[in-house]
Amino acid sequence: MENMLYGSSSPHLRSEETISRIMIDVLIALLPATLASIYFFRFNAIKIIGLAVITAVITEWALQKFMKKPVTINDFSAVVTGLLLAFNIPASAPWWIPVIGSAFAIAIAKQAFGGLGNNFINPALAARAMLLASWPVIMTNWVTPGTDAVSTATPLAILKGEAEGSLPSIMEIFTGNIGGSLGETSAILLILGGLYLLYRGVISWRIPFVYIATVMAMTLVLDGGFTNMIYHTFSGGLMLGAFFMATDYSSSPVTPKGQIIFGIGCGLLTSIIRLYGGYPEGVSYSILLMNVAAPLIEKYTAPKVFGEVKQNA
């Protein structure tokens with residue numbers, strides 16, 4: 001009797017990973033870049049980050065209360081959405097920009113589709129696209145780091161010839177001493193955070209590495225060689241998008257082949273928009289477009305079910 005078998009319902013594979021644990025890992029990975037943005041942009045960064053995160057949490061709590069659903073703000077997903085949105089906003093933006101953006105990200109791009117795990121696009125990027133379409137001047141008003149912030153052009157705008165000025169040094173791009181959104185600061189710290197997520201097993205290497213490699217190959221061939229390729233790789237939102245946004249569980253493929261195709265698609269679209277589009281940055285729109293294509297990618301890259309019989313035509 002001691003060796004009796006007991007039957008139980010699925011799932012039989014269990015893991016100690018929880019949503020809150022994963023989100024905390026993402027916040028830890030973003031911490032170095034967050035501190036760098038505060039160092040470079042001072043109070044403006046604190047204001048935007050604080051308002052974006054607080055609005056995201058309050059909006060999620062209020063909507064779930066209103067719809068009589070379980071309140072899930074303790075899983076920290078709203079905090080991550082608010083912080084990622086803040087990283088996509090310039091330091092010069094007024095206080096109401098992160099408030100409107102975070103409310104849109106949670107209410108429209110996340111909760112309207114059923115909440116975490118049901119959103120088909122990245123909420124923070126959807127909010128950024130909305131803000132950019134609604135207030136393009138505010139969302140492209142970049143300032144130099146430091147207390148005496150003055151308007152400046154991003155390296156990608158200078159590289160494309162859409163703005164005058166001299167390109168910053170490679171070291172300034174690595175460290176983040178350049179104009180741009182809060183998350184377009186230190187490439188090296190964003191890479192460090194991405195490596196932490198890889199070490200923790202939160203993300204796979206396929207999407208970020210293939211995404212970055214595709215952009216590097218495209219810009220090396222099509223935009224003047226090695227130096228320009230370095231600027232395309234380490235400036236703008238590529239590192240933030242590749243490691244923290246394109247890897248969103250809900251809006252990216254889960255199959256290995258699908259992730260590779262997704263990364264290639266993001267890289268191709270980013271390069272095409274940067275080189276031939278009317279806007280010097282293409283990361284956000286590229287990821288959003290590939291989010292829409294993710295279900296189709298998964299459909300054609302799903303592995304065959306063991307024991308499946310091919311149906312007759």
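Key figures for this structure:
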read-out	value
Inter-label distance, nm, simple model (7 Å from Cα along the C-beta direction), THR227/SER166	1.2
Estimated Rh, segment 19-300: Kirkwood, alpha-carbon pairs, angstrom	18.6
Likely footprinting exposure, MET23, MET245, fewest C-beta neighbours within 10 Å first	MET23, MET245
Cut-off 15 Å between beta-carbons: net charge of the residues surrounding GLY277, Lys and Arg +1, Asp and Glu -1	-1
Isotropically averaged projected area of segment 213-313, using the convex hull of Cα atoms (one quarter of hull area), nm²	8.2
Pairwise FRET efficiency - THR144 versus TYR276, Cβ, R0 = 25 Å, nearest 0.05	0.30
Whole-number Å³ per residue for the convex hull built on Cα positions in segment 70-123	77
Separation of the PHE120 and ALA293 label points, Cα + 7 Å toward Cβ, nm	1.6
Extension gain from ILE38 to ALA62, taking 0.36 nm per residue of separation minus the Cα-Cα distance	5.7 nm
Mean separation of Cα contacts under 8 Å (6+ apart) over length of the chain, as relative contact order %	17
Contour minus Cα-Cα distance for PHE113 and LYS257 (0.36 nm per residue)	49.2 nm
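Rule-based calculations on the coordinates, nothing more; no lab input. Just so it is clear, the structure is predicted and the values come from calculations on it, not from any experiment. Methodologically, a virtual Cβ is constructed for each residue, glycine included, from the backbone with ideal geometry; neighbour enumeration extends over all protein chains shown.
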